[in-house]
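Data block below; observations after.
The values are calculated or read from the model by the stated rules, or taken from the named source; none is laboratory data. For clarity, every value in this text was computed on a predicted model and none was experimentally measured. Because the Cβ atoms are built from the backbone with ideal geometry, glycine has one as well, and the counts that use them run over all protein chains shown.
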Amino acid sequence: MTSFRVIGKPAVRVEGTEKVTGQAKYSADISLEGVLWGKCLHSPHTHAGIVHLDATKARTVPGVHAVITGADVGLGLYGRFIKDIPVLARSRVRFFGERVAAVAAEDEDTALRALDLIEIEYDELPAVFDPLEALQPGAPILHPEYSSYPGVRDVIEQSNGFARTLSERGDLDAGFRAAHVIVENSFRTQRVHQAYLEPQSVLVAIANGRVQVWTGSKTPYNAREALAAAAGISEQSIVLNPVLIGGDFGGKGTPCDLPVCYFLAKESGRPVRMVLDYIEEFMAGDPRHEVLIRLKTGATKEGILTAHQVEYIVNCGAYAGHKPRGTISAAAQAMGPYRIPNTRTESVQVYTNTVHGGYMRAPGEPQAVFALESQLDDVARQLRIDPLEFRLKNLIRDGEEAANGERLDHVRAIEAMSLAAEAADYHSQKAPFVGRGIAIGDRGPGGGQGNASILLRPDGSILLKTPVFDQGTGTYTTLCQVVAEEFGVPIKSVQLEVWNTDSVSFDSGIAGSRGTRVNSTAAFQAAQAAKLQLFHIAAALLSWPEDHLAISGLELRRIDTGEKIRWPDLLERAGETVEGKAHIEESGRAHVTSFAAQVAEVSIDLETGEVKLLRFTTAHDVGRIINPVGHQGQINGAVMQGIGYALMEELQVEGGRVMNLSFGDYKIPTIRDAPPLKTVLLESENGVGSYQTRGIGEGPTIPVAAAIANAITDAIGVRFHDLPITSEKVFRALQESRVQKASMDAPD
């Protein structure tokens, strides 16, 4: 493989010192003179008309500077694509926790006292919480005006189901006729919160005709557009200023309180800060979607897949606007990287009177892969074929089409799965009630628009400028590594400046595993542009040929003669600086993907149902790795989130209301839950971008729950069709199986 000096070497975070010493600035740390606290009043009902709202008493509380309701914020709607979200509920509320009114006061306690004085009379309306019930004739229609929303592409007639898709290949009926075994199952996955360390927060100040915003958004240009739509103002009047983001995992893509904060600042004439507490996060955040997946799969007695049918039903919650396209388009993942000639896939997004879903790490894909990989294990077991052998028979090879018709380059699914099985000692002897489960998923690097600028100065300093707001994944370090590599300097020599949204017309930000593909390419191209300008100066002042020049550290050298000069001296002589800029568009789907094959090993306590992860093996098909430390960190974090998804995490919703509104009741894994983790990397020079990289941010979390579920089934012979697989569920299943066995063994 190509040798690099900085690329591929471990690097410490360039912003790490600021973070660990407490100097790093997050949006809640920004302090402005005269700033007020803003708080929202949330609906206690899942679906109700607002009959009467009186905020008179709230406005008389000393220290209150603004009180706003739906009547005060206009008719603007916002959202990432489909704009169906009101700033505050106007005539009705659609979920428990919806924002109804807001107050800005001198301090948080005063704001909360004022909220208690707002009088609202509701008229409760019929509500629907289950997506299947919401699709039935006669179900209450949540958005009768759906077809008029900005961003809507498909017109629907009085239905809660929208964004329907249908994809068919081959002859499904013929495929099932050719099968010797047909398995049908339904799987359901739960809502989970992203559980980031920093809750959503925003600060807005309006002065001199500009709206200054500080908020933890990894897609600041999208946040700017959403605020402009909600407020009815121009995007150019809004500036999002850079702050660090204390974790995101997809959940901060839509600015829940930003439009509210703007109207409070406008009404009060003062800067306003809003910070969600975790009751509000769980009640009205952007959790991972609940999804129902129905599968029907056919295979021959030799273990060859012949037909596969998918029905993918997404419980969207009350609003669609919290997702970049209004949907999670992961139904194809329920077919996987398998060779299946006859397929049919249907999907539908469904409005219900529950908390709206947003994006979370690999949106929709852990749901789909949990269902698919559980299903394939069941098919293999019915055929009495080892689940690993069954998969190896059906995984696509290089040059073949996947079940969804896609053809990718450099496919190494079989190699990744074989490597995972070997590293996990998959076929070794197991103790009783110990199980091993295997699963595979894949995710390609996302696309988008990226920007970068590199400034070379006569003092020898190199300044990298970027519009990316860091959300904790180490993007700044990766970009600085690129610049350091291209100029042959230590990474610590590269300074960093983060732009606000006035600096470029648009940037996609960080999401969808696109950071390295898009932003490192922008940094690389900006470096080439800066070098070219430096070569122009050398040609003008020294008559050196531009096509025979190279840079190494602070030296500019002629390749043909060996002559050299310090480029800072050249710039000082020229009396100027050099700035190379780059704007790239890598919006198309990448021609490669990254496979993640994983093996979980578990033991089951028959007395309590406790599931203990004994070890976990994860194998990854990767391109060139920029920073091995950051790369492994992404894998570790993704696996831990997958463990939480598989075994414990769930926003428990009863009658449309989230019941576990604190981390005392909402369980996430800790270091005690981390199993011994073995990572195996299948590296190559086949990827995308300037360094042939592949994405790693989301892929490692996709198969985790499926691998664990299959291991549990292997241990006790019981298939679980819904997540999370808690100890309580396992205990009940064991009790039921004992009862069934006792009844079968009892004499007639």
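Candidates are the residues of the stretch 254-285 that are out of contact with any strand residue (DSSP E or B) (no Cβ under 9 Å at 6 or more places or on another chain) and in a loop (DSSP other than H, G, I, E, B); the one that is surrounded by the fewest Cβ atoms within 10 Å (Cβ to Cβ) is Asp277.
None of Ile313, Ile340, Ile328 is within 20 Å of the chain's Cα centre (by Cα), aliphatic (A, V, I, L, M), assigned to a loop (DSSP other than H, G, I, E, B) and not assigned by TED's automatic domain parsing to the domain that holds Gly509 except Ile328.
Each residue in the stretch 396-409 was checked for being surrounded by 16 or more Cβ atoms within 10 Å (Cβ to Cβ) and out of contact with any strand residue (DSSP E or B) (no Cβ under 6 Å at 6 or more places or on another chain), and 4 of them qualify.
Where in the stretch 542-605 are the strands (runs of 3 or more DSSP E), entirely inside, with at least 2 residues that are not assigned by TED's automatic domain parsing to the domain that holds Lys430? So that I can check it myself, show each step before the final result.
Details: elements: 549-552, 555-558, 564-566, 578-586, 594-604.
Fully inside the stretch 542-605 and qualifying: 549-552, 555-558, 564-566, 578-586.
Applying the set (1) among the basic types (Lys, Arg); (2) crowded, with 23+ Cβ neighbours inside 10 Å; (3) in a strand (DSSP E or B) to Lys323 leaves exactly one unmet item: (3).
Residue-wise test of (1) part of a loop (DSSP other than H, G, I, E, B); (2) touching a residue at least 60 places away in the same chain (Cβ under 8 Å); (3) crowded, with 18+ Cβ neighbours inside 10 Å; (4) among the polar types (S, T, N, Q).
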{"position": "Ala163", "(1), (2), (3), (4)": "no, yes, yes, no"}
{"position": "Ile182", "(1), (2), (3), (4)": "no, yes, no, no"}
{"position": "Gln194", "(1), (2), (3), (4)": "yes, yes, yes, yes"}
{"position": "Val213", "(1), (2), (3), (4)": "no, no, yes, no"}
{"position": "Tyr221", "(1), (2), (3), (4)": "no, yes, yes, no"}
{"position": "Ala229", "(1), (2), (3), (4)": "no, yes, yes, no"}
{"position": "Lys252", "(1), (2), (3), (4)": "yes, yes, yes, no"}
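Using the structure shown, decide if Val730 is in the same structural domain as Leu419 (by TED's automatic domain parsing), free of Cβ contacts under 8 Å to residues at least 60 places away in the same chain and over 24 Å from the mean Cα position of the chain (by Cα).
Taking the combined requirement at face value, the residue does not satisfy it.
For the stretch 359-378, which positions are out of contact with any helix residue (DSSP H, G or I) (no Cβ under 8 Å at 6 or more places or on another chain), more than 18 Å from Arg443 (Cβ to Cβ) and buried (at least 24 other Cβ atoms within 10 Å of the Cβ)? Result: Gln375, single match. Within the stretch 3-28, being part of a loop (DSSP other than H, G, I, E, B) and of a type in the set (Gly, Ala, Ser) holds for Ser3, Gly8, Ala11, Gly22, Ala24.
Filtered by the rule that a residue be among the small types (Gly, Ala, Ser) and not in a strand (DSSP E or B), the stretch 607-622 gives a lone residue, Gly609. The set of residues from the stretch 318-334 being modelled with pLDDT of 95 or more and aliphatic (A, V, I, L, M) comprises just one member, Ala318. Checked against (1) outside any strand (DSSP E or B); (2) over 28 Å from Cys316 (Cβ atoms); (3) polar (S, T, N, Q), Ser217 passes all but condition (2). Just one of the numbered conditions (1) at positive phi; (2) in the same structural domain as Ser505 (by TED's automatic domain parsing); (3) at pLDDT 95 or above; (4) not aromatic (Phe, Trp, Tyr) is not true of Arg384: (2). The residue list Ala424, Ala452, Ala431 contains one member that is assigned by TED's automatic domain parsing to the domain that holds Leu395, crowded, with 24+ Cβ neighbours inside 10 Å and either at negative phi or modelled with pLDDT of 95 or more (or both), which is Ala424.
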